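Working notes, structure below.
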Amino acid sequence: MPSLRERRAGENYRLFDVRSMTLSEQLSDDMSLAQAGDCSAFVRWPHCPMDADTYGYSMGSLVRDLTHLSLKQGDCRHRYLRLAESLFLLFFCLWIQISFIQITHMVVSHREIHDTRRAYDHFEHHMYGGHTRNISTYPFLERRGIGGKNGPYYNASAFSMLPLDIKDRVCDISLSVPALLRVVLFVWTLFCIGEIRRCRDMFYSAILNTGWTPTMRNSLDQEARDGGHVSDMVIARLTAPVKAMLFLLIIVPRAGITIFVWTEGCDLLTASASWDLLVVQSTALQFVINLKGIIYLVLVSPRTHLEVEHTYMMPSQPNEPDGVRVFAGSLGWGLGAFIFAMYYTGFTLSDDWVFSGSQDLLWEFQRDVAEVCADWMDRRYAT
């Protein structure tokens, strides 16, 4: 049976195998193509390694163990046990992630949101001399100053007469320094976008670009390495039920938990009542996302680590041509993260047009805190 590399050699178009070619060889080929006037070169991406986490472990276990069970190789009890273990660890990880976010939101965020709204209501009533309008009466009264900070009733000098605890609470609102909050949300969104892109790549690799087979007996291709001592198993074909299992049990839950943690994380970061708490919560959110790797590293045996390391999927995009979209297309994700951060925190286009953002921490936030708080904090914490 010819190897994977031998089967590639018969293709009738120009490809670069980026895994096997050295940089000098690629540069030499680029020069020869340029001299020949051939600008339609493609990059052929190598097979994708499995992720070293609970998702990669579960995907590799489903395919490899079901293949061995179809071939009746080894002890069937061992295969069934590892299938059960992989799915248990997968859903155990999902349960911990959801529970952590929900408990944190209930215990920390609800209290912080309540105290922040009460303090901001007191600030608005005091700074506008009682010229306010009601925006909510349940569960408590919330008021906003008429006309905003550029209106006739806003009195910046009244800030000095506010109680100290109200000053501290209002000036610790994350929205009081929107530029810093935007940076934090931008980085957090980029982090979650990386997870979503990985889900997309898994979908293309395991569902769309993997061939179909009526039985799992021939789902894996074997490629010997290191003199035949180690074999890489490539997931080349899958049955329709197994593809459905991979999609419903691995790809969908991973994308769903990422979106859930991302949205809840934005609320947690915005509700932070102090800047040191903002840093702590940012670290905790990354810990929640990376929990899948911690569980895999600690609770999965080294033998299974070795099998996952030598299991590969089809590339998400087998052939990629040169072009502007290839090299600059990823910048669109960064632009999208920046637009979201601006839309979420709000912005000011003019003195008469203030957008309070899509955040629901402070409804109709009038962006009238930053200037008075900056001056007061400079004087209070002068060094």
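The values are calculated or read from the model by the stated rules, or taken from the named source; none is laboratory data. Given the structure is predicted, the values throughout are model-derived calculations rather than measurements. With ideal geometry, Cβ positions are generated from the backbone for all residues, glycine too; neighbour counts draw on all protein chains shown. Each accessible area value is taken on the protein alone, full model and side chains, heavy atoms only, with ligands, DNA and RNA left out. Shrake-Rupley method; radii C 1.70, N 1.55, O 1.52, S 1.80 Å.
When Ser99 is tested against the conditions (1) under 27 Å from Gly256 (Cα atoms); (2) in contact (Cβ under 8 Å) with a residue 40 or more places away in the chain; (3) open to solvent by less than 40 Å² (accessible area, probe 1.4 Å), the lone failure is (2). For the stretch 210-220, the criterion of being in contact with a Phe, Trp or Tyr (Cβ under 7 Å, 6 or more places away or on another chain) and either touching a residue at least 60 places away in the same chain (Cβ under 8 Å) or closer than 25 Å to Gly332 by Cα (or both) is met by none of the residues.
Does any residue of the stretch 318-328 turn out to be over 24 Å from the mean Cα position of the chain (by Cα), closer than 26 Å to Arg169 by Cβ and not polar (S, T, N, Q)? Taking every residue of the stretch 318-328 in turn, none turns out to be over 24 Å from the mean Cα position of the chain (by Cα), closer than 26 Å to Arg169 by Cβ and not polar (S, T, N, Q). Tell me whether the stretch 247-256 contains one or more residues that are touching a Phe, Trp or Tyr at 6+ places or on another chain (Cβ under 8 Å), in contact (Cβ under 8 Å) with a residue 40 or more places away in the chain and of a type in the set (Phe, Trp, Tyr). Yes - at least one qualifying residue is present in the stretch 247-256. Quick check: anything in the stretch 34-49 open to solvent by less than 70 Å² (accessible area, probe 1.4 Å), at pLDDT below 50, assigned to a helix (DSSP H, G or I) and in contact with a Lys or Arg (Cβ under 9 Å, 6 or more places away or on another chain)? Checking the stretch 34-49: not a single residue is open to solvent by less than 70 Å² (accessible area, probe 1.4 Å), at pLDDT below 50, assigned to a helix (DSSP H, G or I) and in contact with a Lys or Arg (Cβ under 9 Å, 6 or more places away or on another chain).
Taken over the stretch 69-95, the criterion of being closer than 17 Å to Leu249 by Cβ and either of a type in the set (Val, Ile, Thr) or open to solvent by 80 Å² or more (accessible area, probe 1.4 Å) (or both) is satisfied by Tyr80, Phe88, Phe91, Trp95.
Among residues that are polar (S, T, N, Q) and without any contact (Cβ under 8 Å) to a residue 24 or more places away in the chain, Thr104 is not included. The residues in the stretch 169-200 that are surrounded by 17 or more Cβ atoms within 10 Å (Cβ to Cβ) and assigned to a helix (DSSP H, G or I) can be counted, and the count is 20.
Within the stretch 335-356, residues that are more than 21 Å from Leu268 (Cβ to Cβ) sit with their Cβ atoms under 7 Å from residues that are open to solvent by 80 Å² or more (accessible area, probe 1.4 Å), at 6+ positions apart or across chains, in these pairs: Asp351/Asn150.
Within the stretch 142-159, being out of contact with any Lys or Arg (no Cβ under 9 Å at 6 or more places or on another chain) and at pLDDT 90 or above holds for Pro152, Tyr153, Tyr154, Asn155, Ser157, Ala158. With respect to Glu371, is the statement that it is under 26 Å from Phe159 (Cβ atoms), among the acidic types (Asp, Glu) and more than 21 Å from the chain's Cα centre (by Cα) true? Yes; evaluated as a whole, the condition is true for this residue. When the stretch 107-130 is filtered for residues that are in contact with a strand residue (DSSP E or B) (Cβ under 8 Å, 6 or more places away or on another chain) and either without any contact (Cβ under 8 Å) to a residue 24 or more places away in the chain or part of a strand (DSSP E or B) (or both), the ones remaining, listed by number, are Asp121, His125.
Would the stretch 368-380 turn up any residue that is over 24 Å from Gly145 (Cα atoms), in a loop (DSSP other than H, G, I, E, B) and touching a residue at least 60 places away in the same chain (Cβ under 8 Å)? No. Looking only at the stretch 303-343, residues that are within 18 Å of Ser58 (Cβ to Cβ) and acidic (Asp, Glu) come to 2 in all. For the stretch 296-341, the set of residues classified as out of contact with any strand residue (DSSP E or B) (no Cβ under 9 Å at 6 or more places or on another chain), part of a helix (DSSP H, G or I) and surrounded by 13 or more Cβ atoms within 10 Å (Cβ to Cβ) consists of Tyr296, Leu299, Thr304, His305, Trp333, Gly334, Gly336, Ala337, Phe338, Phe340, Ala341, listed by residue number.
Does Arg133 satisfy being outside any helix (DSSP H, G or I) and open to solvent by 70 Å² or more (accessible area, probe 1.4 Å)? Considered against the rule, which asks whether it is outside any helix (DSSP H, G or I) and open to solvent by 70 Å² or more (accessible area, probe 1.4 Å), Arg133 comes out as yes.
So which residues in the stretch 97-122 are closer than 30 Å to Met161 by Cβ, at pLDDT 90 or above and in contact with a Leu (Cβ under 7 Å, 6 or more places away or on another chain), if there are any at all? Arg117, Tyr120, Asp121, listed by residue number.
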